[in-house]
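Everything below concerns the one structure shown next.
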Amino acid sequence: MPEPISNSPDASTPWIVRAPGIILAFLWGFAEGTFFFVVPDVAISLAALLAPRRAWRHALAAIAGAVIAGALLYTWSTHNPPAAANAVAHVPFVTAKMFTHVHTGYKTRGATAVLLGPLSGVPYKIYAVEAPAFLTRTTFLLATIPGRGERFLLVWLFFGTIGFLAKKYRRPTTKHLAIVHGIFWTLFYAFYWTTITLRSR
């Protein structure tokens, strides 16, 4: 019989579920909010699969990391807009069309554009460097919390539900869930990056 997945925070719990995983989610949220190109949803979803009731901490940590990243990019763009925009433009899979999309979104929707960003597949970092021309720092950072949180929390709920049902009915091992998780994100990014490449032509 495979061992069931534990939700308890003892030493037998996978490290991604415990404090190191929460720290990773924070750092990943910060990194993706600046110049990394893989979303922290990867860490959040794995924690949610393995321990559904605990992974909300990872989502909050990723939000906190994103807010700090957004504040830094906003400040940089305030003092040197071309340099900040150019740095973000060189992040893999960031395209000129994304900047146009964000600029148009700010002009037509204001702060609401930050809330819709995660649903459009446009990286948050672009919203951060474009924000000073349209929003105050306070408004942008306040919009960042739900703007980042809506997707992180949905990821936690979605993968947490899968993890809960798997634990209840299938009792898979941690290794099996980790393999399925890896396959899912590999296929997701293969599709996403292919789509981005095609749209940029």
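Structure notes:
- Charge context of Val67, other residues only, Cβ under 15 angstrom, K/R +1, D/E -1: +2
- Rounded to the nearest 500, the helix-only mean residue ellipticity at 222 nm of the chain stands at -24000 deg cm²/dmol, with each DSSP H run of n ≥ 4 adding -39,500 (n - 2.57).
- The range 15-199: Rg to Rh, with Rh as the Kirkwood radius over Cα pairs: 1.00
- For the range 77-99 versus the range 156-177, the gap between their alpha-carbon centres in whole angstrom: 39 Å
- Computed on the range 78-201, with alpha-carbon pairs under 8 angstrom and 6+ residues apart, the relative contact order is 26 percent.
- Extent along the principal axes, Cα only, for the range 43-107: 43, 24, 23 Å, with the longest axis given first.
- Convex hull volume per residue, computed on the Cα atoms of the range 20-74, equals 52 Å³.
- Evaluated with a Cβ-only charge set (Lys, Arg +1; Asp, Glu -1), the range 15-199 carries a dipole of roughly 660 debye about its Cα centre, given to the nearest 20.
- Dipole of the chain, positive direction: furthest Cα of Gly29, Ala166, Ser77, with charges on the beta-carbon: Ala166
- Cross-link reach list, lysines versus Lys125, counting only Cα pairs under 26 Å and skipping chain neighbours closer than eight places: Lys97, Lys107
Bear in mind these aren't lab numbers, they're just calculated from the coordinates by the rules spelled out. Worth saying up front: this structure is predicted, and the values here are computed from it rather than measured. Heads up, the Cβs are rebuilt from the backbone with ideal geometry, glycines too, and the neighbour counts pull from every protein chain shown.
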